[in-house]
Structure formats: structure tokens, C-alpha cells
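This report concerns only the one structure given below.
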Amino acid sequence: MQDPRLRLFSVMVLSITAFSGVVGALLAFLWWLVFSGGPILLKRSWWPLFAFIPLLLVTAALWITGDDWLPYLLRLGVVILIAIFAYQDQKPWEFIQVCAWAFGSRTGFDMGLAGEMGFGSVRYLEEEVRRVRQTYLLKGIPVGVRTLLPISSGLVFGLLRRAEEQADLLLARGYDRGGMACPRFSTPRADSVAAITAIFACILAFMPVREFFILIQ
């Protein structure tokens, strides 16, 4: 989706839809297959799939304790897929433009700047993970449980150092509050269709199927 406003709106609506129940999760999953590119989207970067690890651990715990694990797995799994779509399609400075457009040049700009710094940290982490993996492969060192601790600790310290440098840079430039983002958006027809479909899926998720067919008769 090229319009970040409709993308963010669709992600919010689909997250609510998927979390509402199994039917909503299936509807949101169908939207993800049709409008996001589906499995092709996941080939851009594999590391966001790590978000499924805690989900699978909790699902295993629910299965062991005899709780209802399948609806939990379906709902949260689709929510993660929608979040991965939002991250993969997000381009630099789009979030700050949307926030400035929605909430103004003061509050919106501050919210957008905080979000852009967060997205920048995630992209930095992704690039560092790729570099570390390539380094280990070149040296012939297997990436396993023993190497996760030094890798993760180095990445955490790198993120903290980067955040401190960004804060010092904003302070040195005299940033106080607000700013100009000059948002410009392009809204293709496909984006509008995707957003309308997301709304329709949300309505179906919260409307009993039997009552829906009664209404359309």
C-alpha cells in the first residue's frame, strides 16, 4: 500500500478484527494473503519471524496445561503477520508525516519523531543482525545457543549507545517541540479497495453470520 494513512488505518482495523475471534482471524488472514503479498512479503526479511517464538512458547504452555490454545495461536499469529506487513511496507519518514497530518505540527510531529526513532532502531537492529550473521558464517562459527548471549548483549548495548547519540544530536540542534513535516500522500485505487475490504472484514467479524444473511435477504 502506497498511502501510509490507509495502511496504518487498515493495520489497526485488521488487528482488532483478528483479535476478536477465530472468524476475525481467518478474515484478517485472507486480507493478508490478498492485499499484502502473503508469503512473498516474508521473503524480504526473515528476522521479524522471531516474533513467533514467544507466541509458540505460550501456546505450548497452554497446550500442556489443557487450555484452549488453538484460538490463541490463530488470533495472535495473524496479528503478528499484520504487524510484519506494517513494518515491511513502512518507509522512512512516513510515520512522522501521518502523525503530523493527523495531530498537527506540534503534538503530531513529536509523536511521529518518537515513532521514526523507534523504527530507525528496529532497522538498525535488523542490519546489525545481518552483519553479525555474515561475520559468523565467514568465520565458520555456528550460530547457536552459546553465541546468542554475546550477540544479544552486543546488540542491546549498540541500541543504547545509538539512542544516546540521537538524544545528544537533538539537544545539540536545539530541538524543543514541534516541527514541519510537509506531508504529501498518494492514494491509488487499490489502497482504497484494501482499506474498504478491511472495514468490511471487521464488520463481518463482529456480526453473527446468521444475522448477516438475514439482513441481505
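Return yes or no: is SER10 crowded, with 20+ Cβ neighbours inside 10 Å and at pLDDT 90 or above? In short, yes.
Is it the case that the range 137-151 has a residue that's among the aliphatic types (A, V, I, L, M), farther than 30 Å from GLY24 by Cβ and at pLDDT 75 or above? For the range 137-151, residues among the aliphatic types (A, V, I, L, M), farther than 30 Å from GLY24 by Cβ and at pLDDT 75 or above: present.
Hey, among the residues in the range 183-204 that are hydroxyl-bearing (Ser, Thr, Tyr) and either assigned to a helix (DSSP H, G or I) or in contact with a strand residue (DSSP E or B) (Cβ under 7 Å, 6 or more places away or on another chain) (or both), which one's farthest from SER105 (Cα to Cα)?
Within the range 183-204, the match that is farthest from SER105 (Cα to Cα) is THR197.
Being outside the structural domain of ARG5 (by TED's automatic domain parsing) and surrounded by 19 or more Cβ atoms within 10 Å (Cβ to Cβ) holds for only one residue in VAL79, VAL98, and it is VAL98. Within the range 13-57, restricting attention to residues that are of a type in the set (Ser, Thr, Tyr) and modelled with pLDDT under 90, the residue that is farthest from ARG130 (Cα to Cα) is SER20. When you scan the range 21-43, do you find a residue that is under 21 Å from PRO183 (Cβ atoms), without any contact (Cβ under 8 Å) to a residue 60 or more places away in the chain and among the aliphatic types (A, V, I, L, M), even just one? Within the range 21-43, not a single residue is under 21 Å from PRO183 (Cβ atoms), without any contact (Cβ under 8 Å) to a residue 60 or more places away in the chain and among the aliphatic types (A, V, I, L, M). Look at VAL58 and say whether it is surrounded by fewer than 16 Cβ atoms within 10 Å (Cβ to Cβ), under 18 Å from ILE203 (Cβ atoms) and among the hydrophobic types (A, V, I, L, M, F, W, C). No, not satisfied. Kindly indicate the residue of the range 69-118 that is under 24 Å from ALA18 (Cα atoms) and of a type in the set (Ser, Thr, Tyr) and also nearest to the chain's Cα centre (by Cα) among those meeting that condition. Checking each candidate, the answer is TYR87. When GLY104, GLY112, GLY120 are checked against the criterion of being small (Gly, Ala, Ser), crowded, with 18+ Cβ neighbours inside 10 Å and in a helix (DSSP H, G or I), GLY112 stands alone in meeting it.
With respect to the stated conditions, THR17 fails to be farther than 30 Å from GLN97 by Cβ, over 14 Å from the mean Cα position of the chain (by Cα) and of a type in the set (S, T, N, Q). Taking each residue of the range 63-74 that is within 20 Å of GLY24 (Cβ to Cβ) and looking for partners that are outside any helix (DSSP H, G or I) with beta-carbon atoms closer than 8 Å, six or more apart or interchain, yields PRO71/GLY21. Being loosely packed, with under 14 Cβ neighbours inside 10 Å and either of a type in the set (Gly, Ala, Ser) or outside any helix (DSSP H, G or I) (or both) holds for only one residue in PRO92, PRO71, and it is PRO92. Evaluate the following for ASP68: is it more than 23 Å from GLU127 (Cβ to Cβ) and at pLDDT below 85? Yes; evaluated as a whole, the condition is true for this residue. PHE85: assigned by TED's automatic domain parsing to the domain that holds GLY21 and either under 17 Å from LEU49 (Cβ atoms) or in a helix (DSSP H, G or I) (or both), yes or no? Yes, satisfied.
Note on the range 161-173: among residues that are exposed (fewer than 11 other Cβ atoms within 10 Å of the Cβ) and hydrophobic (A, V, I, L, M, F, W, C), the one that is nearest to TYR124 (Cα to Cα) is LEU169.
The values are calculated or read from the model by the stated rules, or taken from the named source; none is laboratory data. Model, not experiment: these values are computed from the prediction. Every residue, glycine among them, receives a Cβ derived from its backbone with ideal geometry; neighbour counts consider all protein chains shown.
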